[in-house]
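Visitor: One structure coming up, written as structure tokens, with questions to follow.
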Amino acid sequence: MRELRFAANWKMHIGPDEARAYLRAFRARYDRREDRDVWFFPPAVSLEAAAQAVRERLDLSVGAQDIYWEPKGAFTGAISAPLAAQAGAKATLIGHSERRHVFGESDEDTRKKTVAALAYRLAPVLCVGETLAEREAGHTVAVVKRQLTAALGSLDAARLAQITIAYEPVWAIGTGRNATPRDAASVHCEIRSWLTTRGAARARVLYGGSVSLKNIAELLAEPELDGVLVGGASLDPEGWAELVQIGGA
Ligand code: PEP
């Protein structure tokens with residue numbers, strides 16, 4: 001059976017009360033399906049409320065949008081893997097393009113965050129993807145492999161198998177422009193071959209970038225895609241429930 005993962009990145013939206021209301025509405029609209037799980041990435045202030053709201057549903061999980069690699073200390077504004085876990089997080093995004101391009105996160109930062117996440121049993125979702133200039137220069141695969149190698153190159157096969165990769169071309173995030181399903185699938189094949197040569201062929205590879213109700217069917221028609229990471233189209237609980245329900249039907 002093909003297993004799909006649907007990940008919702010709420011970015012800087014949806015406070016604790018709104019998270020409770022959102023997840024009530026989502027749960028009312030979406031019944032568990034054996035072939036898929038749904039991960040929600042609320043802002044840090046809403047982690048605990050969201051985790052509480054899904055605690056009776058094993059198919060629904062909550063994760064952090066970012067963590068810092070140190071477990072504790074004088075790092076104002078940051079949250080660590082153990083703090084996120086204490087609030088109910090089971091996973092964390094790492095190296096989202098907004099972290100890399102707005103906040104200046106480096107490849108080396110993504111490596112340290114991945115190691116910290118694994119140490120505290122948070123499932124890492126490593127985001128990789130090229131800018132428009134890199135794509136137009138023909139560097140897509142080189143950029144993605146550099147990001148994979150920097151963050152994950154030192155992990156053994158067992159640890160690598162615990163990682164979810166999200167291929168998110170930077171030019172497709174929040175722009176309404178998505179990669180064609182064939183283009184996405186061809187980068188996914190490259191990622192899969194990188195994982196396979198390191199003994200982790202079964203790690204999940206998601207696609208992200210302006211995924212919506214309009215394009216979910218054609219994207220998930222590509223067997224290379226193990227699911228999607230979605231920003232804008234995940235903010236409305238009814239629309240998101242429908243997308244999860246029909247995606248890869
Ligand atoms: C994202 O935030 O990871 C994302 C893919 O956003 P959007 O779906 O809005 O493009």
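Visitor: Rounded if a/c is under 1.5, else prolate if a/b is larger than b/c, else oblate: which is the range 6-74, with a ≥ b ≥ c the root eigenvalues of its Cα gyration tensor? Mind dumping the intermediate values first?
Guide: Details: a/c = 2.25, a/b = 1.62, b/c = 1.39.
Taking the square roots of the gyration eigenvalues as a ≥ b ≥ c, the range 6-74 is prolate.
Visitor: Leaving ligands and nucleic acids out of the surface, order THR180, THR140 by accessible area at 1.4 Å, largest first.
Guide: Descending accessible area places them as THR180, THR140.
Visitor: Next up: For n ≥ 4 DSSP H runs only, could you compute -39500 (n - 2.57) per run for the chain, divide by its residues and tell me the 222 nm figure to the nearest 500? If you can, show how the numbers build up before the last one.
Guide: Details: 11 runs with 98 residues, N = 249.
Calculated from helices alone, the mean residue ellipticity at 222 nm is -11000 deg cm²/dmol.
Visitor: How compact is the range 107-200 by the rule of thumb for globular proteins, expressed as Cα Rg over 2.2 N^0.38 Å? All intermediate terms of the calculation are to be shown ahead of the outcome.
Guide: On the way: Rg = 13.5 Å, N = 94, 2.2 N^0.38 = 12.4 Å.
Normalised by 2.2 N^0.38 Å, the Cα Rg of the range 107-200 equals 1.09.
Visitor: Compute the whole-percent fraction of alpha carbon pairs in the chain spaced more than 35 Å apart.
Guide: 7 percent
Visitor: Please give the per residue accessible area of the range 4-246, computed with a probe of 1.4 Å over protein heavy atoms only, in Å². Show your work: numbers first, answer last.
Guide: Details: 10720 Å² over 243 residues.
The answer is 44 Å² per residue.
Visitor: Now for a separate question. Just to be sure I understand the model, the point goes 7 Å from the Cα along the line to the Cβ. What's the resulting GLU3 to GLU238 distance in nm?
Guide: Inter-label distance under the simple model: 3.3 nm.
Visitor: Still on this structure: Counting pairs on different chains as well as pairs 8 or more places apart, how many Lys pairs in the chain have Cα atoms under 29 Å apart?
Guide: Counting lysine pairs in the chain gives 14.
Visitor: Assuming 0.36 nm per residue, please report the length gained on full extension of the stretch LYS112 to ASP35 beyond their Cα-Cα distance.
Guide: Result: 24.5 nm gained on full extension.
Visitor: Now a separate question. What is the dipole size for the chain, taken about its Cα centre, with +1 at each Lys and Arg Cβ and -1 at each Asp and Glu Cβ, in debye to the nearest 20?
Guide: On the way: 31 positive and 31 negative charges, 100 e Å.
Here the size comes out at about 480 debye.
Visitor: Would you kindly state how much longer the chain becomes between ARG121 and HIS101 on full extension, computed as 0.36 nm times their sequence separation minus their alpha carbon distance, in nm to one decimal? Each step should come with its number before you reach the end.
Guide: Numbers: separation 20, 0.36 × 20 = 7.20 nm, distance 2.68 nm.
Extra length available between ARG121 and HIS101 comes to 4.5 nm.
Visitor: Could you pull the accessible area for ILE14 with a 1.4 Å probe, rounded to 10 Å²?
Guide: About 30 Å², ignoring ligands and nucleic acids.
Visitor: Could I ask something else about it? Computing the accessible area with a 1.4 Å probe over protein heavy atoms, can you report the carbon and sulfur percentage for the chain? Display every interim value, and only then the final one.
Guide: On the way: 5790 of 11190 Å².
Solvent-exposed carbon and sulfur of the chain make up 52 percent of the total.
Visitor: Using only Cα atoms, figure out Rg for the range 149-249 and give it as a multiple of 2.2 N^0.38 Å. Mind showing how you got there, number by number?
Guide: Details: Rg = 14.1 Å, N = 101, 2.2 N^0.38 = 12.7 Å.
Ratio of Cα Rg to 2.2 N^0.38 Å: 1.11.
Visitor: Show the residues, 5+ positions off or on another chain, whose built amide H is closer than 5 Å to the amide H of TYR68.
Guide: ILE79, SER80, ALA81
The values are calculated or read from the model by the stated rules, or taken from the named source; none is laboratory data. Just so we're clear, the structure is a prediction, and the values are computed from it rather than from any experiment. In this analysis, Cβ positions are derived from the backbone assuming ideal geometry, glycine residues included, and neighbour counts consider all displayed protein chains. The area values use the complete protein model at the heavy-atom level, side chains included, leaving out ligands, DNA and RNA. Shrake-Rupley method; radii C 1.70, N 1.55, O 1.52, S 1.80 Å.
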